[in-house]
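The values are calculated or read from the model by the stated rules, or taken from the named source; none is laboratory data. Keep in mind it's a predicted model, so treat the numbers as computed, not measured. Neighbour counts are summed over all protein chains in view; Cβ atoms, including those assigned to glycine, are modelled from backbone coordinates with ideal geometry.
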There are 2 protein chains.
Amino acid sequence: MKRTNWLTQSVLAALIFLLGMSEIAAQETVDAVMKERGLTDKDKLAAVKTFMPRGGRDEYFALVGTGNSGTMIIYGIPSMRIYKYVGVFTPEPWQGYGFDDESQLLLKKSSLDNRIPNYGNMWFPAFSETGGKYDGKYAFFTDGSNARVALLGLDDFETKQVLSNPIMNNLFPQAVVTPNTEYVIQTGQFPHPWKNKETDMSKAKNALTFWFLERIEKEGEHKGRIIKEKSFAVEFPPYVLDYNDVGKGASDGMFFGLASKDGKYYVYAVDYKKVAGMDKLMFNNFDYVPFDKAKSAVSFIELPAKASTLKVSPDGKYVIVAADEVVVLDAAKIKSNLGKNVKASDVQHGTVAIGNNVVDVTFDYRKNTAYASAHDDSKIVRFDYVNLKKKDEVKLDFKPSYLMTPQGLSSEPHSNYLVAVDKESYVKNLPSTGPVRPSVQHLIDISADDEMADIYTMTLPQANVYGNVAILRTTIKPIIRYPTGTNSRTGEPSPFRTLAGKERVEREGNRVHVFGTLIRSHIVPEIVEVNEGDIVTFHLTNLERAEDETHGFTVDTYGKHGSFEPGKTASLTFVADRAGVFPYYCTEFCSALHLEMEGILLVRPKGYKGKTGEMAEKLTPEQLAKYKEQYEKKVEVIKQTADVINGVVKYLKENHYEKYPYVKALVEDAVDQLNKAKFAEENYKKYAKEKKWKDAFLWAEQYWQYQVKAADVGLRAKKLLDEKLGKEE
Amino acid sequence: MKRTNWLTQSVLAALIFLLGMSEIAAQETVDAVMKERGLTDKDKLAAVKTFMPRGGRDEYFALVGTGNSGTMIIYGIPSMRIYKYVGVFTPEPWQGYGFDDESQLLLKKSSLDNRIPNYGNMWFPAFSETGGKYDGKYAFFTDGSNARVALLGLDDFETKQVLSNPIMNNLFPQAVVTPNTEYVIQTGQFPHPWKNKETDMSKAKNALTFWFLERIEKEGEHKGRIIKEKSFAVEFPPYVLDYNDVGKGASDGMFFGLASKDGKYYVYAVDYKKVAGMDKLMFNNFDYVPFDKAKSAVSFIELPAKASTLKVSPDGKYVIVAADEVVVLDAAKIKSNLGKNVKASDVQHGTVAIGNNVVDVTFDYRKNTAYASAHDDSKIVRFDYVNLKKKDEVKLDFKPSYLMTPQGLSSEPHSNYLVAVDKESYVKNLPSTGPVRPSVQHLIDISADDEMADIYTMTLPQANVYGNVAILRTTIKPIIRYPTGTNSRTGEPSPFRTLAGKERVEREGNRVHVFGTLIRSHIVPEIVEVNEGDIVTFHLTNLERAEDETHGFTVDTYGKHGSFEPGKTASLTFVADRAGVFPYYCTEFCSALHLEMEGILLVRPKGYKGKTGEMAEKLTPEQLAKYKEQYEKKVEVIKQTADVINGVVKYLKENHYEKYPYVKALVEDAVDQLNKAKFAEENYKKYAKEKKWKDAFLWAEQYWQYQVKAADVGLRAKKLLDEKLGKEE
């Protein structure tokens, strides 16, 4: 702030009186902090645009392929906080992806020869669409290095399917979908002889793959899957293939991509609906259309220079190519030239000179408006692609490469933010963390019609970032729990699901199946005895229904880890080839009783002579007395809590809670919690009768946990009811 | 802001004149954004306290163990941006950790029976110390589930060593160090019979492990390693062991921890210097002191209630225990009771009632000042642990658990920030990302003497977070490159390092060694031919010297990935059991010529009859002509760039740059770049003579890259010299 003169100071003094001391003081504190931290007024504005207040919700969820990690990043816009890494092509230990049998099976299916690559190179993701709009059901990724495709469910943000491409050894690391997600499309990148041990490079080819999605969806269940048998490929000549996009609206049924060969650069266009109807041959048990047939539905459009990306405009009328200048192609003209090879000038609407080395373009909701990154000029230009005119630009202190506007690839782009990938400025912009630093991207505020501003520099660790996609957060309706006993990878009930009281160990020869349950304070069973060399599977079901009440599970030194979200059943299989005593326990902080969730695996050494079952825990009389005392205290607390609940219930009934739908829903929730608690109550009473004071205490504690949840919901219902009745405090 | 009345508005009108339109406009914009986003004045202050301006540097680096992922998180304070995930106990694909031979060997050494757990459960990390102060050399982690210890070098932020505990199957997931890092100390958690196939639970015990660190350090080289042969353990009775800390200053030589047994809770204290000098027995080839001997140097102090952590005060005089109330023990009194079992009241300085369920305490630089988290009361209390008085508190909207102040575990805590782990409020505070959400922690501003404020909610994905440690960022001096040909895991020259021009393929039977190099635009060799079933190793050396000029490497479908930071040599070994053609390439965006870094692995199928070497790339006459044209253009650019450089050099010489040390250093850098470029120049001239135009072009491009770097540094030197000479623009 400029130095204020004495007159200003007098006026300020008056203002202090008028506005009240505290506000001025607050402002002075802000100024002092800004001065100390070297912030400008622009920084302050950027700070309030991106700061997420407690409990605030981001407007968008963005997905990124990590490039080198094989995992997906989910972050929020505008806070740019990272919420989750989700294992896609690579095992991910936190959620046990690639560690439990269910996700291992899923990954095994991604191999044609029963060997699973542990690594994935994923750049540009895609969201599923309905009528060209994001529907919030699925996301798709391509693993370029290992030629795989993945489907993620956005109901639970888990990977549901990974399949190997039957034709190509490498792919361009991008997934795109047709406007109703009939197909997920992948292209090869570097041409080579198709996958059948052929090594003669003169037989090098390429291929486009159209994976068919069968959509099976209802409320809270997104069970759509790719059906290999209904998918097909299109043989393609040995061009190097690059970025691509799908037609929509005016260009529905078309697919557009970049290709190069012998130092020449092309856009290719394919009428995929026409090709889909053609007769097919088979390669590696996969349908394909030979290029000789397909070529009548294909056009090559020679470009004057190398291009980096192309994007179809939201209405589908134009294909906009990012090259030395921006080349706007007319989709209708392209369509009328199918089967022919033409020059860009034959099918173009026009060009716009943007700057040097345009890497990418993206759209917003404003009419005919797009953005281009002029990499070498360190700027982003807003332009009109119909009237072929620059509108305005923002000069940056980095070289922008790939761009993303929320929903910018759908027919419904939004107009507030733009994310620009920064491949080169991190040395300048970030502190050193050794010889390699994270990926970086910037959030640009594009909400004003006449101005753009770079407002946040985001780091993306464990990644080599290329592409983002972002969706309005509220379009995604995540579930908060599974039906009890669900295999989350299939969405079906697991054959290994186990209910409370049905826990057991089954043995057949050296194969041991442990059917166990997880719930706050208990892993059941608490002791498992096996023989050295046995093949052991822990099939565990999380019985919780409370939100985010996730339990983790591991057995010491056996290196297996599972994450059990409420309702999930998963299985961990290992060979018990180390004899000894191995504690197992919950690895996710789940409640104050987290540390009680512990048990023991006893692996008897080969040649062991003792009798089995001697492992049952023996408590000393002192320990028993202590647990009895704790149990009795807890029963007292349970009684007091029950009184509170009864009081609330009485009040709610007297005031006709059932007339108010939201209050009624809360009450039902509370009653539901108490009903679920019944088995815990039965257990604690049973164990008390048997004088098993430790179990009695732990189950009493468990019952009380349910009770507290019920009381909490009941009190919220009461508060809401009071508000409705005008009895607010 | 309150609605302003007409009088205020008049004054504001005057102010607009006095302060100038733009500032008021800026303020109004900030106000409008705050209104739209629902931000309070407190939020605004928090925003400017945490927002990181472009190019800004965080004051601290914090490290976190991810709990379930086996990787380490590095983030900055106060921006709370995550900079890196580093693989520690679990393979991490981005940096090829657990994928290349060097890191696989490191992980293999972490197994006692040649089986590597792929998972790690790591909670509380430690920084290395010298004289009780953080020295910025190493960090240490303990894997609780798989009983391992890890050493990371803070020179390059890579894991250098992982070792298996020879005695325990599980450990409390914490690492602590002695004041000069003579030892890294681990304790077991759940007692069990020691690791030797024993299954009789009546023989359950515990153990403390003192890993000896041999420190070998010089400028830019931190080669300290744990020496197993000089390490030892202390046998311990079958207590469950929990959080611990090491004495310093007044309590130097002591180790303190929490223990429980039969429903009773203790602090135990060990004079480890005394124990280290005792005679030892051997178990699994590891020295240990039996408890019968050690117990004369051990004391058990019974606590009135269960405790969660204990921390030694910065001066070492007190051991502060977080329990129902805060119990301050007097270290001198503890020391005088070694060999005895006592009550807390016998050795305590006093207690402070803080609130319900105190989970953790931490220190800052203010005299006698500590902070405690009263979990159940949702507050953090600042208190005086010598005068046993509360000072002030901050009420939070979450339940705080573990606490961290930067350098708070050293003898030199800082006084500005506090990080509080939040295990329970994420359901309320974060948008739903399906049934499981990330870990959360909060940044609390404690810089004011009389007030604390919660200013940021940070998400920690792929983690179940317990403990943080933070160090002044500038204490760490990261290297930006390795000496060319370094095995980064040992810090030694790799026997497989390869210099430019020495690339080759060596074969012995079915064992194929590829000695290759990586540099912008080239992977050499560009074609490798092997037979199906060969065991192939790519030994690659990154020849770059430029900052962050990292190359990645993968071979399609073979699922191996390496990260090659400048100077690094690493090896990727696989069985070439799939026949066909497999492109390999650079996976990290490295420059505009990134896509040129490509080659081909040809795996000849079993029974292949053709001759070898037929794979050499054949260019068409058109392609050759195109490359020739590009080459000639580039040579022209090289000449122009040389003119610029010569002009700068002349100017610098004329103005006696050598008088100004920093300018001189820059000029030496620039000359160094040009000297390094010589081999590229020789190559492009050689290939041009041979009319190999593609190679000629790519090497010319390479030469130009060096030239541009040199020119860039030269121009920076000139600018600096101009400033020194008062010739600023």
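For A:SER110, the criteria (1) among the small types (Gly, Ala, Ser); (2) at the interface with another protein chain (Cβ under 10 Å from one of its Cβ atoms); (3) without any contact (Cβ under 8 Å) to a residue 60 or more places away in the chain hold in every case but one, which is (2). Of everything in the stretch B:208-231, what is of a type in the set (A, V, I, L, M, F, W, C) and surrounded by 20 or more Cβ atoms within 10 Å (Cβ to Cβ)? Give them in sequence order. Matches in the stretch B:208-231: B:LEU208, B:PHE210, B:TRP211, B:LEU213, B:ILE226. Among residues that are surrounded by fewer than 24 Cβ atoms within 10 Å (Cβ to Cβ) and assigned to a strand (DSSP E or B), B:TYR243 is not included.
Among the candidates B:PHE553, B:PHE515, B:PHE496, which residue alone is under 24 Å from A:SER439 (Cα atoms) and not small (Gly, Ala, Ser)?
B:PHE553
Quick test of your reading of the structure: B:ASP155 fulfils all but one of (1) among the charged types (D, E, K, R); (2) surrounded by fewer than 22 Cβ atoms within 10 Å (Cβ to Cβ); (3) assigned to a loop (DSSP other than H, G, I, E, B); (4) touching a residue at least 40 places away in the same chain (Cβ under 8 Å). Name the failing condition by number. That leaves (2) as the condition not met. When you look at B:ALA670, is it at pLDDT below 80, part of a helix (DSSP H, G or I) and loosely packed, with under 15 Cβ neighbours inside 10 Å, yes or no? Considered against the rule, which asks whether it is at pLDDT below 80, part of a helix (DSSP H, G or I) and loosely packed, with under 15 Cβ neighbours inside 10 Å, B:ALA670 comes out as no. In the stretch A:406-438, which residues are among the polar types (S, T, N, Q), within 30 Å of A:ASN180 (Cα to Cα) and within 14 Å of another protein chain (Cβ to nearest Cβ)? Matches in the stretch A:406-438: A:ASN416 only. I'm trying to understand the selection: among the residues of the stretch B:308-345, which are free of Cβ contacts under 8 Å to residues at least 60 places away in the same chain and touching a Phe, Trp or Tyr at 6+ places or on another chain (Cβ under 6 Å)? Across the stretch B:308-345, the qualifying residue is only B:ASN341.
The number of residues in the stretch A:113-125 that are touching a residue at least 40 places away in the same chain (Cβ under 8 Å) and more than 8 Å from chain B (Cβ to nearest Cβ) comes to 4. Quick check: is even one residue across the stretch B:597-616 at pLDDT below 90, in contact with a Cys (Cβ under 9 Å, 6 or more places away or on another chain) and more than 10 Å from chain A (Cβ to nearest Cβ)? Among the residues of the stretch B:597-616, at least one is at pLDDT below 90, in contact with a Cys (Cβ under 9 Å, 6 or more places away or on another chain) and more than 10 Å from chain A (Cβ to nearest Cβ), which makes the answer yes.
The set of residues in the stretch B:273-319 that are among the small types (Gly, Ala, Ser) and assigned to a strand (DSSP E or B) contains only B:SER299. Scanning the stretch B:164-177 for residues that are within 14 Å of another protein chain (Cβ to nearest Cβ) and part of a strand (DSSP E or B) gives B:SER164, B:LEU171.
Given B:TYR97, B:TYR85, which one is surrounded by 24 or more Cβ atoms within 10 Å (Cβ to Cβ), under 17 Å from the mean Cα position of the chain (by Cα) and more than 9 Å from chain A (Cβ to nearest Cβ)?
Going through B:TYR97, B:TYR85 in turn, the sole match is B:TYR97.
Taken across the stretch A:491-512, residues that are buried (at least 18 other Cβ atoms within 10 Å of the Cβ) and within 30 Å of A:GLN407 (Cα to Cα) do occur, with at least one present.
Every listed requirement among (1) in contact with a strand residue (DSSP E or B) (Cβ under 7 Å, 6 or more places away or on another chain); (2) within 11 Å of chain B (Cβ to nearest Cβ); (3) in contact (Cβ under 8 Å) with a residue 40 or more places away in the chain is met by A:ARG481 save one, (1).
For the stretch B:189-237, a residue qualifies if it is within 18 Å of B:ASP292 (Cα to Cα) and small (Gly, Ala, Ser), and the qualifying residues are B:SER202, B:ALA204, B:ALA207, B:ALA233. Can B:THR498 be described as over 19 Å from A:GLU565 (Cβ atoms), hydroxyl-bearing (Ser, Thr, Tyr) and touching a Gly at 6+ places or on another chain (Cβ under 7 Å)? Yes.
Restrict the check to the stretch B:215-227 and report whether at least one residue is touching a Leu at 6+ places or on another chain (Cβ under 9 Å), of a type in the set (Lys, Arg) and assigned to a strand (DSSP E or B). Within the stretch B:215-227, one or more residues are touching a Leu at 6+ places or on another chain (Cβ under 9 Å), of a type in the set (Lys, Arg) and assigned to a strand (DSSP E or B). Looking across the stretch A:467-490, the residues that are surrounded by fewer than 21 Cβ atoms within 10 Å (Cβ to Cβ), outside any loop (DSSP other than H, G, I, E, B) and among the β-branched types (Val, Ile, Thr) come down to A:THR474, A:THR475.
Name the single residue that is nearest to A:SER111 (Cα to Cα) among those in the stretch A:178-201 being more than 9 Å from chain B (Cβ to nearest Cβ) and hydroxyl-bearing (Ser, Thr, Tyr). Once the filter is applied, the top-ranked residue is A:THR187.
Residue-level analysis places A:TYR687 among those that are surrounded by fewer than 21 Cβ atoms within 10 Å (Cβ to Cβ) and of a type in the set (Phe, Trp, Tyr).
Taking the listed residues A:VAL289, A:VAL270, the one that is closer than 24 Å to A:VAL312 by Cα and either in contact with a strand residue (DSSP E or B) (Cβ under 7 Å, 6 or more places away or on another chain) or aliphatic (A, V, I, L, M) (or both) is A:VAL270, with no other qualifying. In the stretch A:517-541, of all residues being farther than 16 Å from A:TYR585 by Cα and over 36 Å from the mean Cα position of the chain (by Cα), the one that is nearest to the other protein chains (Cβ to nearest Cβ) corresponds to A:GLU532. Criterion first (in the same structural domain as B:HIS222 (by TED's automatic domain parsing), under 21 Å from the mean Cα position of the chain (by Cα) and in contact (Cβ under 8 Å) with a residue 24 or more places away in the chain) does B:PHE210 satisfy it? For B:PHE210, the condition - in the same structural domain as B:HIS222 (by TED's automatic domain parsing), under 21 Å from the mean Cα position of the chain (by Cα) and in contact (Cβ under 8 Å) with a residue 24 or more places away in the chain - is not met. Test A:ASP360 against the criterion of being part of a loop (DSSP other than H, G, I, E, B) and either touching a His at 6+ places or on another chain (Cβ under 6 Å) or assigned by TED's automatic domain parsing to the domain that holds A:LYS391 (or both), and give yes or no. Spelling it out, it is not the case that A:ASP360 is part of a loop (DSSP other than H, G, I, E, B) and either touching a His at 6+ places or on another chain (Cβ under 6 Å) or assigned by TED's automatic domain parsing to the domain that holds A:LYS391 (or both). Of everything in the stretch A:690-713 that is charged (D, E, K, R) and under 36 Å from the mean Cα position of the chain (by Cα), the residue that is surrounded by the most Cβ atoms within 10 Å (Cβ to Cβ) is A:GLU701.
Got a sec? Which strands (runs of 3 or more DSSP E) wholly within the stretch B:491-548 have at least 3 residues that are modelled with pLDDT of 90 or more, farther than 30 Å from B:PHE157 by Cα and not charged (D, E, K, R)?
B:527-531
For every residue, the table says whether it meets (1) more than 23 Å from the chain's Cα centre (by Cα); (2) within 30 Å of B:ARG54 (Cβ to Cβ); (3) in contact (Cβ under 8 Å) with a residue 40 or more places away in the chain.
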{"residue": "A:LEU460", "(1), (2), (3)": "no, yes, yes"}
{"residue": "A:ASN468", "(1), (2), (3)": "no, yes, yes"}
{"residue": "A:GLY485", "(1), (2), (3)": "no, no, yes"}
{"residue": "A:ALA500", "(1), (2), (3)": "yes, no, yes"}
{"residue": "A:ASN510", "(1), (2), (3)": "yes, no, no"}
{"residue": "A:PHE515", "(1), (2), (3)": "yes, no, no"}
